[in-house]
Each structure stands twice: as structure tokens, then as C-alpha cells.
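Q: The structure that follows is given in the form of C-alpha cells.
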Amino acid sequence: MSSDRLTLLAVDDERSPLEDLARILRGSPSVREVECAADGREALHHITRQAYDGIFLDVRMPDLDGLELAHVLRNFAHQPQLVFVSAHDGAAVEAFERQALDYLRKPVASGRVQEAVERIAVAVASGETSGGAPAPTRPAPEDDEMVAAANLRG
């Protein structure tokens, strides 16, 4: 891997799993920075202010859940790699329909987290956006509308 290290966002409404995931991510030599968000709305706030290489996203959260947030992210010019995290397998198919790069089961295992980080690193190095599409060259005009719509929900 190049000297470029990843900037990641971890999102989970449960504090203990979020802290565990962030700790594992910060321990990876491939990771430069990890920020955390306690729900989908806070994650959206982070995402509109900074580009992330990857987002580790809890599937089930109150208000704006991980799958809904993934749908909003499809309209952003910079589409980070998405790794869904859940205690349940039930949302795996829908997560992959939302262009998930990986799907981790809670409680997360450090080895599986590292595999997901390496998948993100490979995708970023190859210039892919989430789902394997080439990276867009200019911002999507829908970004502001999608953020506004998501903010109106609560």
C-alpha cells in the first residue's frame, strides 16, 4: 500500500460497539484517522464537511438508519466505500444492493475489520467509488438537496 492512509468514519448508535470498532480501526497501520458518529444524522453532518475513504455503518439506528444513509450517499459526488456492521444477517442482501464493500457481524472481530480496511484501501488505490464505479470528476448537483431532505426528517 502507498504512504496514503485512510480516513474513516464509524457510525453506531450503541456506544460500546462504536468504541470497540473505533479502537480496532485506529490500530490498523492502513488508517490515518477515524471519526465517530452516534447516529445517521450526526454521520451526515460529518460527511457533508469532510470526505471519507470509507464508512463503517451500523444497519439499524433510530431516525436515519444505515441503509437510508447509504441511499443518500449515492447522490454525493464523493462516494466512500461502505462497510455495514450489524448483529443481524437480515439486512445483508439490502446492504449489498446499496453497493456495500463488506458486511461485518457484531461483535466485530479485529481480523474481519482489518480485511474490510484492506478492501477499502485497494478500492481507494484503484480510484473506485463505492460499488466499483469510477470516481466522479465533479460534484453532483443533488448533494445539497439530499442533505436538506435528510435533515427535514427529524
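The values are calculated or read from the model by the stated rules, or taken from the named source; none is laboratory data. In this text, all values refer to a predicted model and were calculated from it rather than measured experimentally. Here Cβ is always computed from backbone atoms with ideal geometry, including for glycine, and neighbour counts include all displayed protein chains. Side chains included, ligands, DNA and RNA excluded: accessible areas come from the protein's heavy atoms. Shrake-Rupley method; radii C 1.70, N 1.55, O 1.52, S 1.80 Å.
Q: Note down all Cβ pairs under 9 Å where the first residue falls in segment 74-88 and is among the hydroxyl-bearing types (Ser, Thr, Tyr), the second is open to solvent by 40 Å² or more (accessible area, probe 1.4 Å) and outside any strand (DSSP E or B), and they're at least six residues apart or on different chains.
A: These pairs meet every condition: Ser86/Arg60.
Q: Among (1) within 15 Å of the chain's Cα centre (by Cα); (2) of a type in the set (Gly, Ala, Ser); (3) modelled with pLDDT of 95 or more, where does Ser16 come up short?
A: (1)
Q: Can you list the helices (runs of 4 or more DSSP H) lying wholly within segment 1-116 that have 3 or more residues being open to solvent by less than 60 Å² (accessible area, probe 1.4 Å) and of a type outside the set (Asp, Glu)?
A: Here the list reads 15-26, 40-47, 66-73.
Q: Might you let me know whether segment 25-41 holds any residue that is free of Cβ contacts under 8 Å to residues at least 24 places away in the same chain, of a type in the set (Lys, Arg) and in contact with a strand residue (DSSP E or B) (Cβ under 7 Å, 6 or more places away or on another chain)?
A: Yes - at least one qualifying residue is present in segment 25-41.
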